[in-house]
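Take a look at the structure set out below.
Nothing in this text is a laboratory measurement; each read-out follows from the coordinates by a stated rule. The model shown is predicted, which means the values in this text are computed figures rather than measured ones. Neighbour counts run over all protein chains shown; Cβ positions are idealised from the backbone, glycine included.
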C-alpha cells in the first residue's frame, strides 16, 4: 500500500512539474506537423530550443530555427521565422491553442509579439553568438 501511495505521489509531482514548464511548443512546415522544440523550456530540457545539444537548439540541426542553412532557419525558406515573405512561418502553440507565428514580418497580424519572440526573430545572430543556453536560463526554476 505504501508503494502505491509513493508511486501516485510521484506521478502527481511529475505531472505538476511537466505542466509548470514546457507548455509552449513550436511547429513548422506547410501543415505544421514538424515539432521544432519547446519555446519556454530551460536549456537542460532535451527538446528545448535553448539547449545547444538538442535537435531543436543546435545551430546545425535540420529541425532547428537556429540553423541558418536549414529549412526552419534560413532567411530564404518559406518555413522560417527569418524570411519576411515566408508563407508558413513557425507556429507557437500553448495548451493546444495557437498563440501566434514566429516571424520577422511585422505586418503579419498573427505575429507573436513579446520579448522572447522578438529576441528569436530579431536577434538570432546575437543569440547564436552568446549561446542559446544563455537565454534558456530565464526559464530555470528558482528553488
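Could you list 38, 121 in order of exposure, starting from the residue whose Cβ has the fewest other Cβ atoms within 10 Å?
121, 38
For segment 37-101 and segment 105-135, write down the distance between their C-alpha centroids in whole Å.
With segment 37-101 and segment 105-135 each reduced to a Cα centre, they are spaced 10 Å.
Counting other C-beta atoms within 10 Å, which of 103, 126, 45 has the fewest, and how do the rest follow?
Ascending number of Cβ neighbours within 10 Å: 126, 45, 103.
Would you mind calculating the gained length between residue 23 and residue 141 on full extension (0.36 nm times residue separation, minus the Cα-Cα distance), in nm to one decimal?
Extending this stretch completely gives an extra 41.0 nm.
Given the alpha-carbon gyration tensor of segment 21-139, what are the semi-axes of its equivalent ellipsoid in whole angstrom, ordered largest first, with each equal to the square root of 5 times an eigenvalue?
They are 19, 15, 13 Å, listed largest first.
Quote to one decimal, in nm, the extra length available between residue 44 and residue 68 on full extension: 0.36 nm per residue of separation minus the C-alpha distance between them.
Between residue 44 and residue 68, full extension yields an extra 6.4 nm.
Please arrange 44, 31 by counting, for each residue, the other beta carbons lying within 10 Å of its beta carbon, fewest first.
31, 44
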